[in-house]
Each structure stands twice: as structure tokens, then as C-alpha cells.
Amino acid sequence: ESERRMAVVNPIKVTIINYPEEKNEILVGTNHPKRSELGTREISFSRELWIEKDDFMEEAPKKFFRLKPGGEVRLRFAYIIRCVEVIKNNVGEIEELLCTYDPETRSGSGSSDRKVKGTIHWVDAKTAINAEVRLYDRLFSVPDPSADESILKHLNPNSMKSCAAKLESSLSNHDEPVQFERLGYFVTDSIDHCLEQNVFNRIVTLRDSWAKIERKAVEEKNTKNKV
């Protein structure tokens, strides 16, 4: 399998208010959780970070184990943080999350046995690489478009979504296929990617949603037949 990296495709800013403004740490991350021969990499960590918007919910249900107001989550390879304040703009959109961190919870330090249920990925704002990330999905909106004579009406309007993403700095000059944590497998675009512009294309998602849909359809059909 490919090495793994952290990338945020729908970023929201996190400021750790009790972390020193000028401090910067170098953390160590494994390149693959099950392949030690792939080694490790250095990851920069500082007061301001980017996380995925989907990893925060202001009015979260009971089993939402990511970040929420007053809730805690572990940053992968880093610390446990708690959200203490939500900053919004004039139209009510969330612009920034103010958090605190527990300095005794650095991953691998062994100085704390505290545990939380959720772990999310992140990117250091100081060293983040700006990139265009293209999320390719199924070309058609149904599993079998050939079953209908008007095949064009089943084209998926969201078959390609372009995102202004933030990538960890180790992805600089990274030309091999790579897995972005929790997002899928990506390669650099053969035409548009260059020194002045980082462009990554998703080639495989981590979950096959169509397989799940088809299994559900079969289960429902079998249930009806039994009735």
C-alpha cells in the first residue's frame, strides 16, 4: 500500500490559545500504520492549524466523536485538544475554532494515560502547502446507467469536485501515489502539477458506496420476496 499523509480539503482554522505563539514542534508520524519498513516522517506543529470542516459540529449528536463545543479530540500524532469557543462572521458562518491543548498528552510521550474516543487529522498552518485537490467520483448517478435508453440523464454532476486544500509539508515534491488520511488515494496531475502549482487527483476512494447501495437493494428485495 502507498504511504499516508495528512491533507485537509475543506479547511477550517483552529487556534490553540494556550500554546505559545512563537513555539514550533517537530512531531514524528509513521508513513504507514502496518508497514514499519516505510519509516517515519517529520511533521510540523504550531499554534494555528487547519482541520476538516466535517470534523467539527456545533450541535453534535451523542455519538459524534469528533470536535464539538466543550468536547475533546486527539490530533493525530499530536495532542488532545478541547474546543472552548466558536468564532463566526457577520452571516453566521464559522470562521475559526478556539481550542486549548493538554501538553501532557503528546503522542508517544507516555506522560499521560488520558484517552478520548475521536482522532482527527490536521495540517500546520505555518508550513501548509496550498494545493488544488480534485475529488473524482462516479461518472454516473446510478449503478447501471445502460438500463435506461437516455443514458445522459444519469450523468453525475458531482463527478469532479475541485478543492483549495492544505497539505502537510512532506508532500512537497512527492510524486509517488499517496493515501490522504481518511480521504482516499491520490496522484499528482500529469499535466497541471508543477513547482509553481500543486495539483493532486483522487483515483480511489476508501469506501465503495455503490457496493453498499447494491447490497442494501438486494437485502430489501429478498425481504419483499419472503413477505
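Structure notes:
- Complete set of residues in the range 31-49 that are open to solvent by 60 Å² or more (accessible area, probe 1.4 Å) and within 21 Å of Ala7 (Cβ to Cβ): Pro33, Lys34, Arg35, Thr40, Glu42, Glu48
- In a residue-by-residue description of the range 73-92, the property of being of a type in the set (Phe, Trp, Tyr) and out of contact with any strand residue (DSSP E or B) (no Cβ under 8 Å at 6 or more places or on another chain) applies to no position.
- Condition check for Asp144 on (1) modelled with pLDDT under 95; (2) farther than 30 Å from Asp192 by Cα; (3) open to solvent by less than 50 Å² (accessible area, probe 1.4 Å): one failure, at (3).
- Test for Glu96: is it in contact with a Ser or Thr (Cβ under 8 Å, 6 or more places away or on another chain), at pLDDT 95 or above and charged (D, E, K, R): yes
- Where a residue in the range 89-100 is farther than 14 Å from Lys68 by Cα and its partner, wherever it lies, is part of a loop (DSSP other than H, G, I, E, B), with Cβ under 8 Å and at least six apart: Glu95/Asn89
- For the range 54-83, the tally of residues that are open to solvent by 60 Å² or more (accessible area, probe 1.4 Å) and over 16 Å from Glu96 (Cβ atoms) stands at 8.
- So Ser2, is it exposed (fewer than 12 other Cβ atoms within 10 Å of the Cβ), more than 23 Å from Ser111 (Cα to Cα) and not aliphatic (A, V, I, L, M): no
- Positions within the range 60-84 being under 18 Å from the mean Cα position of the chain (by Cα) and among the small types (Gly, Ala, Ser), in sequence order: Ala78
The values are calculated or read from the model by the stated rules, or taken from the named source; none is laboratory data. These numbers come from a predicted model, not from an experiment. Glycine gets a Cβ as well: all are built from the backbone with ideal geometry, and neighbour counts include every protein chain shown. Surface accessibility is based on the protein's heavy atoms, side chains included, excluding ligands, DNA and RNA. Shrake-Rupley method; radii C 1.70, N 1.55, O 1.52, S 1.80 Å.
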